[in-house]
């Protein structure tokens with residue numbers, strides 16, 4: 001009569017939603033070789049310690065398994081990556097190879113042709129080089145350092161050596177190790193004590209550096225009392241035949257400083273976005289994450305904040321939009337490692353056309369984090385019946401002096417709200433779009449105007465054809 | 001009080017089939033047929049010491065406790081059926097298998113009360129399966145108050161068809177380590193599953209709870225309400241899962257979890273998860289954790305109450321919303337007594 005089974009695991013064991021029947025198709029056939037790493041390092045003219053670091057990371061990469069939780073990434077092809085990053089490779093992208101949908105999206109978003117080529121990685125850097133140089137002049141006057149990682153490695157070697165992959169070590173997970181071995185491009189930003197940078201810095205300018213966007217490493221140090229807003233990415237889809245993005249972002253927020261890190265990730269829908277972002281915040285510091293995840297086939301993205309000083313505050317506001325063929329596994333991790341810290345995570349997700357959005361969060365309050373306040377809010381909006389929206393927040397509390405609250409909600413667009421708007425003369429399609437834009441508003445209002453506008457356009461684009 | 005209930009105390013020790021028909025109430029109660037339980041040790045890995053898993057495996061998982069209970073259609077059994085299991089030195093490891101079948105339009109309340117002989121490391125390994133049909137209402141109350149050396153491994157599964165309703169009451173007070181799951185499959189249209197969970201962890205107790213409400217039927221309703229207290233070095237993990245399968249149109253599921261932390265050395269982990277494949281549903285959960293508010297303690301003490309009395313009132317207040325719902329009085333007083341005892345230290 002029924003099952004005698006003692007404990008139905010339902011594919012979940014322990015804390016991290018481990019999947020029982022993971023299919024290990026993934027094998028590194030040709031494999032990344034030490035020779036290729038040597039070549040990369042030589043081509044960049046790197047110091048010996050960086051070459052050794054890369055080689056050690058390669059060893060770690062080869063010894064680690066792929067994660068047995070989360071989306072299926074067994075289709076990932078490392079060979080493709082090797083051909084891309086190999087400096088000897090003759091591979092060059094061609095405008096004709098860029099898929100039609102990408103070109104259409106560019107047109108719909110009103111992006112000029114030359115810029116389109118830049119985004120598609122097929123053209124020379126468009127105008128942004130000039131813009132970039134001008135910004136640099138202004139910043140230099142303030143004492144702010146903003147340059148690409150390769151140059152920073154030469155000009156600020158000691159600083160880079162002290163911080164590079166210390167927050168996200170290569171041992172963190174397999175793709176952190178891969179990053180350590182093949183990283184290329186990215187930005188280094190240093191804001192001196194007390195300096196408030198009033199224009200947002202945008203990584204968009206550096207899109208065309210070799211390997212740019214694929215394995216870029218972003219290192220930002222905001223010194224005591226300083227203030228910076230950094231924006232990564234742009235809302236236009238970035239296309240590449242290389243389908244892996246394993247970037248790394250390390251943020252150091254010193255005492256009393258504030259850093260706002262905004263990202264709009266809209267990789268093309270063939271991409272595996274396995275990015276790692278982590279911030280370490282000292283006493284009285286503030287870290288704010290604004291995150292929009294739109295593109296890519298598979299995403300595993302969990303920006304993490306380590307609150308290691310008293311009275312640190314962390315805010316995370318994120319939106320994930322998963323449409324057809326997309327499996328976006330995103331979330332936020334917050335670790336309260338000091339007393340009187342506070343955090344607020346506000347995550348929203350939208351799914352449609354068979355998309356799968358999975359919120360995977362971690363909130364850890366350590367035993368010394370007394371008098372902390374933490375709140376997490378997850379809202380999921382389902383636009384049709386063929387999609388999936390899951391929420392899996394893990395909350396681990398080891399101190400009694402906490403004030404913690406969590407709330408999660410899943411549902412569809414309220415019929416009443418749609419009806420109300422229609423009764424005011426708005427079409428059903430527009431009514432739904434308005435409601436979705438309203439749902440996303442907490443994120444768009446935190447972004448500079450041009451990004452907010454682009455984001456709204458993107459949503460309208462995504463919603464086209466979704467009526468009931 | 002007990003005279004009015006139907007009590008079955010450890011009646012079946014050797015697993016021999018014996019028909020027991022309690023004709024007055026109309027419930028059919030038989031001792032369970034001897035057989036074996038499956039133990040998936042992979043699932044318990046990390047949750048419980050290997051020595052304990054080994055001790056259980058030594059019994060070859062032969063069922064030595066449990067009942068087959070059948071409530072015929074239309075039968076309303078007014079008095080609760082109370083089943084006491086005292087784990088004693090004759091059988092320090094019990095493999096308990098219960099199957100409860102409730103026909104249409106029936107009502108029943110069944111209480112399982114688990115205790116252990118003083119000083120004995122008792123291990124209870126149990127599976128309870130519940131099948132509820134159209135328009136029936138079933139209350140299952142499990143009171144776990146095994147001694148602090150013992151282990152409790154309990155899997156509870158309910159399948160509800162039609163507009164059946166199950167109210168689970170889980171009261172976890174005892175054992176050194178308790179790994180419990182309540183998984184409810186809301187298959188029927190309009191089916192309803194409610195789980196009220198109360199727990200008090202103190203000393204070095206470890207609690208690991210998995211509560212799943214799976215919605216398959218349209219218009220199904222679920223509610224998980226958990227309130228607990230943690231003291232000393234107690235550890236608790238709670239995985240509350242709300243699942244909406246495609247087709248569970250217009251279902252509503254909600255979950256709320258509150259835990260009161262009485263010492264800085266406790267560890268509370270909660271995973272309030274939602275898995276949703278159906279757009280026309282409403283799923284909601286809320287979780288919070290905190291200590292007794294200083295201001296409330298101070299207020300009560302300023303009214304002349306001792307620290308102990310003030311704490312007791314506030315702890316009881318935290319748990320009362322669920323204690324009140326318990327349909328069997330003697331259980332309520334047992335809980336109140338335990339709270340008092342544990343706050344005294």
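The values are calculated or read from the model by the stated rules, or taken from the named source; none is laboratory data. Keep in mind it's a predicted model, so treat the numbers as computed, not measured. Note: ideal-geometry Cβ built from the backbone for every residue, glycine included; neighbour counts use all protein chains shown.
Things to note:
- Hey, residue B:322 part of a helix (DSSP H, G or I) and either modelled with pLDDT of 90 or more or surrounded by 15 or more Cβ atoms within 10 Å (Cβ to Cβ) (or both) or not: yes
- Output for the stretch B:89-111, where each listed residue is closer than 12 Å to residue B:146 by Cβ and buried (at least 20 other Cβ atoms within 10 Å of the Cβ): B:94
- Taking the criterion of being more than 8 Å from chain B (Cβ to nearest Cβ), outside any strand (DSSP E or B) and either more than 30 Å from residue A:307 (Cα to Cα) or in contact with a strand residue (DSSP E or B) (Cβ under 6 Å, 6 or more places away or on another chain) (or both), the only residue of the stretch A:368-385 that qualifies is A:369.
- Residue within the stretch B:283-293 that is within 30 Å of residue B:215 (Cα to Cα), without any contact (Cβ under 8 Å) to a residue 24 or more places away in the chain and either assigned to a loop (DSSP other than H, G, I, E, B) or more than 7 Å from chain A (Cβ to nearest Cβ) (or both) present: no
- Of the residues screened, residue B:229 is one that is touching a helix residue (DSSP H, G or I) at 6+ places or on another chain (Cβ under 9 Å), touching a residue at least 40 places away in the same chain (Cβ under 8 Å) and either within 10 Å of chain A (Cβ to nearest Cβ) or crowded, with 17+ Cβ neighbours inside 10 Å (or both).
- Evaluation of residue B:289 against (1) closer than 22 Å to residue A:368 by Cβ; (2) modelled with pLDDT of 95 or more; (3) surrounded by 24 or more Cβ atoms within 10 Å (Cβ to Cβ) (one fails), failing number: (2)
- Complete set of residues in the stretch A:307-317 that are touching a residue at least 60 places away in the same chain (Cβ under 8 Å) and either surrounded by fewer than 24 Cβ atoms within 10 Å (Cβ to Cβ) or touching a helix residue (DSSP H, G or I) at 6+ places or on another chain (Cβ under 7 Å) (or both): A:317
- Residue in the stretch A:261-273 that is buried (at least 21 other Cβ atoms within 10 Å of the Cβ) and at pLDDT 90 or above present: yes
- Filter pass, residue A:395 being surrounded by 15 or more Cβ atoms within 10 Å (Cβ to Cβ) and away from chain B (no Cβ under 14 Å): no
- Of the candidates B:53, B:82, B:48, the single residue that is at pLDDT below 90 and in contact with a helix residue (DSSP H, G or I) (Cβ under 6 Å, 6 or more places away or on another chain) is B:53.
- Check on residue B:259, within 7 Å of another protein chain (Cβ to nearest Cβ), more than 30 Å from residue B:161 (Cβ to Cβ) and crowded, with 22+ Cβ neighbours inside 10 Å: no
Every residue, every condition in (1) more than 25 Å from residue A:169 (Cβ to Cβ); (2) modelled with pLDDT under 95; (3) within 19 Å of the chain's Cα centre (by Cα), yes or no:
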| site | (1), (2), (3) |
| --- | --- |
| A:280 | no, no, yes |
| A:283 | no, no, no |
| A:291 | no, yes, yes |
| A:304 | no, no, yes |
| A:353 | yes, yes, no |
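- So residue A:364, is it at the interface with chain B (Cβ under 10 Å from one of its Cβ atoms) and closer than 19 Å to residue A:309 by Cα: yes
- The helices (runs of 4 or more DSSP H) located wholly in the stretch A:386-468 that include 3 or more residues which are modelled with pLDDT under 90 occupy A:428-444, A:449-463.
- Number of the condition not met by residue A:184 [criteria: (1) under 18 Å from residue A:253 (Cβ atoms); (2) part of a loop (DSSP other than H, G, I, E, B)]: (1)
- Odd one out for residue A:20, checked against (1) over 23 Å from the mean Cα position of the chain (by Cα); (2) at pLDDT 85 or above; (3) within 14 Å of chain B (Cβ to nearest Cβ): (2)
- Only one of B:268, B:273, B:220, B:254 that is within 20 Å of the chain's Cα centre (by Cα) and more than 9 Å from chain A (Cβ to nearest Cβ): B:254
- Screening residue B:326 with (1) in contact with a strand residue (DSSP E or B) (Cβ under 6 Å, 6 or more places away or on another chain); (2) over 28 Å from residue B:111 (Cα atoms) gives one miss only, at (2).
- Among (1) crowded, with 23+ Cβ neighbours inside 10 Å; (2) within 14 Å of another protein chain (Cβ to nearest Cβ); (3) closer than 27 Å to residue B:263 by Cα, the one test that residue B:182 misses: (3)
- Among the residues of the stretch A:55-76, those that are at pLDDT below 80 and surrounded by fewer than 16 Cβ atoms within 10 Å (Cβ to Cβ) comprise A:74, A:75.
- Among the candidates A:332, A:408, residue that is under 23 Å from residue B:273 (Cβ atoms), more than 9 Å from chain B (Cβ to nearest Cβ) and either over 24 Å from the mean Cα position of the chain (by Cα) or crowded, with 24+ Cβ neighbours inside 10 Å (or both): A:332
- So residue A:403, is it within 7 Å of another protein chain (Cβ to nearest Cβ) and farther than 30 Å from residue B:248 by Cα: yes
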